Amino acid sequence: MGDLAAISAAWIDSRDGDLEQLRHAVREANEILGSAGISFDVVGRYSETMRLGQDIGERARYADVTLIGTSLRVDELLRRGVIEGALFYSARPVLLASDLRSATLQPKNVLVAWNSTVESARAVRETLDMMKNAEGVNLVLVDPKTKNGEEPGADVATYLARHGVKVTVDRLPSAGRTVEEVLAQHAHDASADLIVIGAYGHSRIRERVFGGVTKAMIDAPAIPVLMVR
């Protein structure tokens, strides 16, 4: 702000309280990770709302994946800012965990939501090594259109098979259900450990106003969901 004298004492007290909580969280994280015998770093940053996404994205660029647990659900505005920041500003995958016990980067069965978009292609490429080590990969298309080719999903299935991925293709009708409902049900039926999906094929504004698969997966992941944009 241009005139610091205009800042209220109440705002300063609130900020100071937030900063103390942040320092405590950093100390606690350092203690926990320090006893785990792993390589790590902990960064505490007090972000303004408008800078939250950029701050998260800048840090996430130096990680292989951003893991989002359930604790952020206490503040939905913060949670959405963190997720969108990691997706839009890091060029790294984001793993949404329904609970931390179920989160894994070594899934046995993977469901890939495929719709021939750039985002879904990136998601497949980013998770290729993970899928090579899986017992099975289920490539799912819901109400595939002609833009998906004469035999929807066949091209990407061939690509995955060339890399040694054990893949099957399922083309499913929505039958009046939403795409996310079809994907969640099929993931349950196939005993999938992870759903892989491209994020925000539409703009964020359109997703928020009209809804969409990305928004639905962010709001209520039935099983761990790995998103890539």
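At a glance:
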item	result
Residue match in the range 77-96 (condition: over 16 Å from Y200 (Cβ atoms), loosely packed, with under 14 Cβ neighbours inside 10 Å and either in contact with a Lys or Arg (Cβ under 8 Å, 6 or more places away or on another chain) or among the charged types (D, E, K, R) (or both))	no
The lone exception for A113 - which of (1) more than 21 Å from G81 (Cα to Cα); (2) within 21 Å of the chain's Cα centre (by Cα); (3) at pLDDT below 95; (4) of a type outside the set (S, T, N, Q) it fails	(3)
Counted residues, the range 130-171 - those being in contact (Cβ under 8 Å) with a residue 24 or more places away in the chain and not in a helix (DSSP H, G or I)	24
Selection within the range 163-180 - under 29 Å from R101 (Cα atoms) and modelled with pLDDT of 95 or more	G164, V165, K166, V167, T168, V169, D170
Condition check for V213: buried (at least 19 other Cβ atoms within 10 Å of the Cβ), under 28 Å from E135 (Cα atoms), of a type in the set (V, I, T) and modelled with pLDDT of 95 or more	no
Residues satisfying the stated conditions in the range 7-48, i.e. closer than 21 Å to L72 by Cα, aliphatic (A, V, I, L, M) and not in a helix (DSSP H, G or I)	V42, V43
Count of residues meeting criterion [of a type outside the set (K, R) and closer than 18 Å to L183 by Cα] in the range 132-147	9
For S71: the one exception among (1) surrounded by 12 or more Cβ atoms within 10 Å (Cβ to Cβ); (2) of a type in the set (G, A, S); (3) closer than 22 Å to P224 by Cβ	(1)
Number of the exception - R101 against (1) farther than 14 Å from A161 by Cα; (2) assigned to a helix (DSSP H, G or I); (3) among the basic types (K, R)	(2)
Those residues of the range 49-91 which are assigned to a loop (DSSP other than H, G, I, E, B) and either touching a residue at least 60 places away in the same chain (Cβ under 8 Å) or of a type outside the set (S, T, N, Q) (or both), in sequence order	R61, Y62, A63, D64, V65, G69, D75, A91
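The values are calculated or read from the model by the stated rules, or taken from the named source; none is laboratory data. On a predicted model such as this, the values are computed, not experimentally measured, just so you know. Please note: Cβ atoms are built from the backbone with ideal geometry, for glycine as well, and neighbour counts cover all protein chains shown.
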